């Protein structure tokens, strides 16, 4: 895996939340500390996060948005078609990049290898250098911190990852999808 960022997504009972840190590194140097690596897609109904180079992120987000538009926002159909296209593209499939996409129903990790992974628990996913730290913290907090809402859980988990991973900082940003009634 590559040295990148940390993105954590949590599809809870009331909200879907994605968060990411702001650190951009080049080798062992920090270039920027306040980058935004998460965004909303398809009229604010899909959340997405990216680990990899910024230029690649913009291309992949735009490409995924086209699939969402073509599939009328159907996340499941979009991730399958997007993953096929990403895998087939000779340039894009070589990117050291990963994405997390989610809505209130599904959460997926996508890679240029053609992977479309829905987490076994269907609730928590992470990518990037600090991903294992963040998901471990999120699972522990979910189990033991019952008073925490979804956004607080994502933020605190990313702060824990930032304490441990040198490629992750404490400049945490989150995006939220409220449950539609």
>> Can you tell me, using C-alpha contacts under 8 Å and at least 6 residues apart, the relative contact order of the chain as a whole percent?
In response: 33 percent
> In whole Å, what is the distance between the alpha-carbon centres of region 118-181 and region 73-97?
Replying inline: 25 Å
>> Let me see the P(r) profile for the chain: every Cα-Cα distance counted, bins of 10 Å, each bin given as a percent of all pairs.
In response: 11, 41, 36, 12, 0
> What 222 nm value per residue comes from the helices of the chain, counting each DSSP H run with n ≥ 4 as -39,500 (n - 2.57) and dividing by all residues, nearest 500 deg cm²/dmol?
Replying inline: -11000 deg cm²/dmol
> Three principal axis extents, largest first, for the C-alpha atoms of region 28-121, in Å?
Replying inline: 40, 29, 27
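Could you order peptides 59-69, 143-153, 45-55 by the average number of other Cβ atoms within 10 Å of their residues, highest first?
Output ranking for 59-69, 143-153, 45-55: 45-55, 59-69, 143-153.
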>> Which log10 I(q)/I(0) values does region 87-131 give at q = 0.18, 0.25 Å⁻¹ under the Debye formula, counting every alpha carbon as one identical point scatterer?
In response: -0.56, -0.90
>> Rounded, prolate or oblate for region 137-181? Axes are the square roots of the Cα gyration tensor eigenvalues, ordered a ≥ b ≥ c, and the cut-off for rounded is a/c under 1.5.
In response: oblate
> Which percent of Cα pairs goes in each bin when the distances of region 99-181 are cut into 10 angstrom slices starting at zero?
Replying inline: 17, 47, 33, 3, 0
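Read-outs: derived from the displayed coordinates by stated rules, not from any lab. Remember, predicted model here, so these are calculated numbers, not experimental data. Backbone-built Cβ (ideal geometry, glycine too); neighbour counts: all protein chains shown.
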